[in-house]
Each structure stands twice: as C-alpha cells, then as structure tokens.
Amino acid sequence: MATARPSTLVIFGASGDLAKRKLLPAIYELGREKLLPEKFALVGYARSEMSDEAFRAEFKQAVEKFARSSKSSVDQTLLQRILSAVYYHQGDYGSAEAHAALATKLEDIDKKHGTEGNRLFYLSTPPETFEPIIENLGKYTAGFGRRAGDVGEVKTDSWKRIIIEKPFGIDLPSAKELNSQLHRHFKESQVFRIDHYLGKETVQNLMVLRFANSIFEPIWNYKYIDHVQITVSETLGVGSRGGYYDKSGATRDMIQNHMFQLMALVAMEPPASLDAVSIRDEKTKVYKSVRPIRPEAVDQFTVRAQYTAGEHAGQKSDGYLKEKGVPADSKTETFAAMKLFIDNWRWSGTPFYLRTGKFLDEKLSEIVVRFRSPPLTLFQKQCDSPVYPNDLIIRVQPEEGIEWRINGKVPGGTMNIKPVNLDFFYKTTFNVEPPEAYERLIYDAMLGDQTLFIRGDEVEAAWAVIDPIQEGWRKSKLAPRTYTPGSWGPKESMQLIELDGRRWLHSGDGEAEPIVACSL
Ligand SMILES: NC(=O)C1=CN([C@@H]2O[C@H](COP(=O)(O)OP(=O)(O)OC[C@H]3O[C@@H](n4cnc5c(N)ncnc54)[C@H](OP(=O)(O)O)[C@@H]3O)[C@@H](O)[C@H]2O)C=CC1
Ligand SMILES: O=C1O[C@H](COP(=O)(O)O)[C@@H](O)[C@H](O)[C@H]1O
C-alpha cells in the first residue's frame, strides 16, 4: 500500500453526527490498518465550546461505539497515540479571527508533530457553511500562495486539499456557483467532492466485475440487457433531520449523487485507463447522454411520494408532514422513482429504473441487471410458463456481494426448472467485513488520488439531469403520492415499471419464484 505523507486533517463540523459516527472512527481504523502516516495530527473545528481534552474524550467514545457495533476491540495503545495529536479549535465558520488562529495553530502543529505543512480540510458541515469556510480557508490557510510556504505558486512542496461533503449545490446554478467559488481559491486537483457510495467496496468492485472479466463486455448492452434497476431503500424515516431533509428530498439527497454514481458505473464505457481523469470522463459522458425528462412529461417518467403515519423498524411517525422542521404543506418527496434512458449506442432503448425512499420495508442498496429472455426455444414452447430471464444482482449493502440468477433443472424425473443463484459474498468468500467507505476515501484524499471523488463538471452534468425533473414537479398539478411506512413505496411506483411489463426485483425474490414445469 502507498504511504500517505505526514499531514494534518482538519474536520469542520467536528461536533456533528457524521464526524462522530463515521469520520473519527475511520481515522482510528486507518491507524489500525497502518495506513495513517506516522506523523499525523487532527484538528476538530466547530462552534461548540470544547477543550482539547473534551474533544479527545468524544473521539474515544466515537471509536469505542463503532468498535462495539462492529464487534471488534479497541487497541488502546494505538488510540492513545492518535489522541496525543488530536486538538480542538472553537470558532464560527465565517470568523476571520478563528481562521487566522487556526492558521497559526496548524503551523505550531507542523513544528510539534512534523506534519510538514500538508493539510486536508474536511467540510463536514451543513451546506450553508461551505461558502464562508472556503473563503476563509482561501484567505488564511490554504488558498493560492496567500501565505509564504503555502500552496499555490508553491514555495514548498507541501499540499493543501479540501474534501467537501454533499449536497454539492441544490441545482445546476448553485453547483456552478460553488465550483467557481472553490476555483477562486483551489485548483481542481486540490478539490475532493465526496460521495461515500464510491468508497463502498462493492461499488468499486463494479468496475472490476465489468472490466477485469471478459465474459460481461460482449453482453453488456441493449442487445442482451432488457433493463437495469437500482434500488436504495432505507427503513428509517427522516427522524430529527427534517429541517435539512425538507430542503433536499429523496432525489437531491440520494439520486443526484449516490444512485447516479451507481448508474454511471454500470453504464459507462471502458475507460482508457484506471486513472481519475479517464474514469471521471466516462462517468460524465453517461450523465450527458441521459435523455432529459421534459418538465411536461415528469408525471409519465417519475413518481414522488411522502410517507404517511405509521410505525416500522422500531420508529414511529405521525407522517412526513408532521415531522419536526417540515412545513405542513411541504411537497418534498421522501420517495422517488424514475425511468431514465441513456441515449448512446450501448444503451439505446434500455430503461434504467431508479427508486429510493425513507421508511421502506428493508434497508438495501442493490443493482439488478435483467437480461433478455432467450430467443424462442423448446423451453418456451413446452413449459407451462416462460422460463425466467437471467439477473445479475450487485448487492451494495447489506451482505455485500454479487448474485447471478440462472435457470437450473430441479433434480428428478420431470423437467422442472427453477432459478438458482451463483453467488459471491464478501463475508464468506474473503472472510472479512468490507471496510467503511469513509476510511478508503480519507486515505485516498491523503494520497491525492481523486479517482473515487466527483469532478466539478461531473457534478454539474448530474444536476443538469435533475433540474428539469424538479421543475416538472414544481409545475405539476399532481400532489406527491403517499405510502405507508414499511411498504415498498406508493402503488404508482409499481405502475411505473409494471406498465412496461416488468416488475421491481430484489435479491430476496429468487427463493419465492415458483418452479416452471415443462413437458419434455
Ligand atoms: N450524517 C450523515 O450520515 C451524512 C452527512 N452528510 C453530509 O455531511 C455534512 C455533515 O453532516 P452532519 O454531521 O449530519 O451534520 P450536523 O447537522 O450534525 O452538523 C455538523 C456540525 O455543523 C454545525 N452546524 C449544524 N447546523 C449548523 C448551521 N445551521 N450553521 C452552522 N453550523 C451548523 C454543528 O456544529 P457546531 O454547532 O458545534 O458548530 C454540527 O455539529 C452535511 O453536509 C451532510 O449533508 C453526508 C452523508 C451522510
Ligand atoms: O448521503 C446520505 O446517505 C444516507 C444513506 O447512506 P447508506 O450508506 O446508509 O446507504 C442517507 O440516510 C442520508 O439521508 C443521505 O444524506
């Protein structure tokens, strides 16, 4: 494994949910995997009053909580070593004084811990804080050559990088604005727009599956694939995040980023090489090839819905419109489904169905590639129902793995056919739990590898697909549909696919398929 150079990670929003649940444990895990540089320091930055000691205690608590949930133990010696270079910096995100003081603190840390002026800034704060943080970073700590020895027209070979959390804008104009603001202070090579789905092991495996195996490429197109489905379902409602969520909705929160990344990795052409430029070029081309859904046609190609009152997965709700922070007349969708077409030579006429929602039956993220049925054969003619088409199911989570569903003969004297699985699961094949996405992504950012991060033009191309849908919904006379917690969404989302003679599938389905009896 490559070794990252000595560096300091600064987490803005260090008191927040993401930092505690994911980022701080990821740092410890990197230490455990021996992927943290020997000379490493961490500064948590937030508005809350906290001492260094209190923040270290939070770090420790976050690591111990993570270890309990993953049934592992904490190496206390390692943890103490990491904690000895952990600091807290209190300040408003837009405060010039606080940023100037941060710059001085970072220089002191360089002297004390040998971190050589290399800095990774992680914006783990709500989007409204991005602008003031970027401006101040530009001025005080990381912009082009603002201070002797800092980036830009480089006086030393130290690096400064910025990881920026989602949502990256709320539409195309705001994403463009955020990009230009970033580019006023940072080169694109310093900017790491994060999408944690790209850090998931199975998502990275998608490229291996497609491009390290020769059996898929010849059939990976409209001639053999009937359609592709992507489902990302969650069992919990919006809980305490109503204020944030209502400004976003399922489409901006999940489809524009995570699900579009999955779609792009399934649909893209083989890249010229595995470098960041080639891969991101290909993904961007996919978004540019998506046929825009005209606002007038939005109700034909999409379904949006909100959950009603109900109880599921240990959570109870009086309905989305009654959630804290949600206006009673909100039209924000907690569920969205859509049918998209990628108008290029490979995918012409092949629908990509996407659906996602909160408070659904199961928590799962998976891609189903459904192949076309074989041409007319004995089996079609002499069986009491058609034999099943083949499915390739890529399970992103849980139970990460890949299943190929093929038809097999049920043993015995009669010709009975049943779909059976050829499968590979990370847990049983490699006997390991895949690492957390944030671990991989923070490590890559330390190495300066942008392959698993979103490029500026890529994020804009993705918004260009979403904007007409949002416009259509704003103008539509149809109110959002409704669905009950614990269901698979509104009935209209079933109709979206069933009217095309297809149905939503997922990996649990196979067992339930009836046997096809044939008279041979
Ligand atoms: N939580 C998650 O699972 C995920 C989060 N994200 C993204 O990561 C980022 C951080 O998420 P998360 O940790 O959940 O966010 P939080 O709401 O927990 O906010 C993080 C910190 O930011 C500060 N903050 C909160 N609200 C405001 C505000 N209105 N103005 C200024 N500062 C504020 C608070 O710190 P203080 O008051 O101490 O300054 C808070 O602890 C967001 O951009 C989110 O979209 C992305 C994927 C998943
Ligand atoms: O980015 C987000 O992702 C989570 C779902 O992530 P997963 O890794 O658990 O699938 C989602 O709950 C959240 O609303 C969204 O902002």
Picked from region 242-259 (must be more than 10 Å from ligand 2 (Cβ to nearest atom) and more than 20 Å from Gly472 (Cβ to Cβ)), the residue most open to solvent (accessible area, probe 1.4 Å) is Gly243
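Looking at region 356-379, which of its residues are open to solvent by 10 Å² or more (accessible area, probe 1.4 Å) and under 23 Å from Tyr320 (Cβ atoms)? Before you say what the answer is, go through the steps one by one.
Residues of region 356-379 that are open to solvent by 10 Å² or more (accessible area, probe 1.4 Å), as a first pass: 358, 361-363, 370-379.
The answer is Lys358, Asp361, Glu362, Lys363.
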Tally, over region 237-260, of residues that are away from ligand 1 (no atom under 13 Å from the Cβ) and either among the β-branched types (Val, Ile, Thr) or touching a helix residue (DSSP H, G or I) at 6+ places or on another chain (Cβ under 6 Å) (or both)
3
If the requirement is being touching a strand residue (DSSP E or B) at 6+ places or on another chain (Cβ under 9 Å), under 23 Å from Lys200 (Cα atoms) and in contact (Cβ under 8 Å) with a residue 40 or more places away in the chain, which of these qualifies: Ala2, Ala19?
Ala19
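Of all residues in region 260-309, how many are of a type in the set (A, V, I, L, M, F, W, C), buried (at least 17 other Cβ atoms within 10 Å of the Cβ) and within 29 Å of Leu236 (Cα to Cα)?
If we filter region 260-309 for residues that are of a type in the set (A, V, I, L, M, F, W, C), which is where we start, we get 260, 262-268, 272, 274, 276-277, 279, 286, 290, 293, 297-298, 301, 303, 305, 309.
From the residues that got through so far, the ones that are buried (at least 17 other Cβ atoms within 10 Å of the Cβ) too are 260, 262-268, 276, 279, 286, 290, 293, 298, 301, 303, 305.
Next cut, within 29 Å of Leu236 (Cα to Cα) only: 260, 262-266, 298, 301, 303, 305.
Adding up the residues that qualify gives 10.
Taking the stated definitions as given, is Pro419 more than 16 Å from ligand 2 (Cβ to nearest atom) and touching a Gly at 6+ places or on another chain (Cβ under 7 Å)?
yes
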Count of region 93-133 residues which are of a type in the set (Val, Ile, Thr), near ligand 1 (Cβ under 9 Å from one of its atoms) and part of a helix (DSSP H, G or I):
1
Inside region 494-520, the number of residues satisfying the requirement of being modelled with pLDDT of 85 or more and in a helix (DSSP H, G or I) is 5
Exclusive hit being touching a residue at least 40 places away in the same chain (Cβ under 8 Å) and open to solvent by 30 Å² or more (accessible area, probe 1.4 Å), set Ser84, Ser7, Ser70:
Ser70
Give Leu182, Leu178, Leu172 a once-over and let me know the one that is in contact with a strand residue (DSSP E or B) (Cβ under 9 Å, 6 or more places away or on another chain), at pLDDT 95 or above, open to solvent by 10 Å² or more (accessible area, probe 1.4 Å) and over 26 Å from Gly401 (Cα atoms).
Leu178
Taking the condition of being of a type in the set (Lys, Arg) and either at pLDDT below 95 or within 11 Å of ligand 2 (Cβ to nearest atom) (or both), how many residues in region 188-203 meet it?
1
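Select from region 42-66 the residues that are surrounded by 18 or more Cβ atoms within 10 Å (Cβ to Cβ), over 17 Å from Gly91 (Cα atoms) and within 27 Å of the chain's Cα centre (by Cα) and list them in ascending order.
Glu58, Phe59, Lys60, Ala62, Val63, Phe66
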Residue pairs meeting the criteria (Cβ under 9 Å; at least 6 apart or on separate chains; first free of Cβ contacts under 8 Å to residues at least 40 places away in the same chain, in region 120-131; second open to solvent by 50 Å² or more (accessible area, probe 1.4 Å) and more than 8 Å from ligand 1 (Cβ to nearest atom))
none
Just to be sure I understand, how many residues within region 395-431 are in contact (Cβ under 8 Å) with a residue 40 or more places away in the chain, aliphatic (A, V, I, L, M) and out of contact with any Leu (no Cβ under 6 Å at 6 or more places or on another chain)?
5
Within region 18-48, which residues are closer than 17 Å to Ile164 by Cβ and outside any strand (DSSP E or B)?
Leu18, Ala19, Lys22, Leu23, Ala26
Pairs, first of a type in the set (Asp, Glu) in region 306-321, second open to solvent by 50 Å² or more (accessible area, probe 1.4 Å) and outside any strand (DSSP E or B), C-beta under 7 Å, six or more apart
Asp318/Ala309
Taking region 346-367 and keeping residues out of contact with any helix residue (DSSP H, G or I) (no Cβ under 6 Å at 6 or more places or on another chain), over 25 Å from Ile219 (Cβ atoms) and within 16 Å of ligand 1 (Cβ to nearest atom) leaves Lys358, Lys363
Go through (1) among the small types (Gly, Ala, Ser); (2) under 24 Å from Pro218 (Cβ atoms); (3) open to solvent by 10 Å² or more (accessible area, probe 1.4 Å) one by one and return the number of the condition Ser385 breaks.
(2)
Sole miss for Gln90 among (1) open to solvent by less than 50 Å² (accessible area, probe 1.4 Å); (2) within 16 Å of ligand 1 (Cβ to nearest atom) is condition (1)
In region 199-216, is there at least one residue being in a loop (DSSP other than H, G, I, E, B), out of contact with any Leu (no Cβ under 8 Å at 6 or more places or on another chain), under 22 Å from Leu18 (Cβ atoms) and within 15 Å of ligand 1 (Cβ to nearest atom)?
yes
Any residue in region 189-198 that is of a type outside the set (S, T, N, Q), more than 16 Å from ligand 1 (Cβ to nearest atom), open to solvent by 10 Å² or more (accessible area, probe 1.4 Å) and touching a residue at least 60 places away in the same chain (Cβ under 8 Å)?
no
In this structure, does Asp318 turn out to be out of contact with any Lys or Arg (no Cβ under 9 Å at 6 or more places or on another chain), surrounded by 14 or more Cβ atoms within 10 Å (Cβ to Cβ) and at pLDDT 95 or above?
no
What about Glu436, is it within 16 Å of ligand 2 (Cβ to nearest atom) and on the phi > 0 side of the Ramachandran plot?
no
Counting only residues in region 407-448 that are open to solvent by 40 Å² or more (accessible area, probe 1.4 Å) and charged (D, E, K, R), the one farthest from Phe40 (Cα to Cα) is identified as Lys409
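The values are calculated or read from the model by the stated rules, or taken from the named source; none is laboratory data. Computed from a predicted structure; not experimentally measured. A quick note on method: Cβ atoms are made from the backbone with ideal geometry, for glycine too, and the neighbour counts reach across all protein chains shown. These area figures cover heavy atoms from the full protein model, side chains too; ligands, DNA and RNA do not enter into them. Shrake-Rupley method; radii C 1.70, N 1.55, O 1.52, S 1.80 Å.
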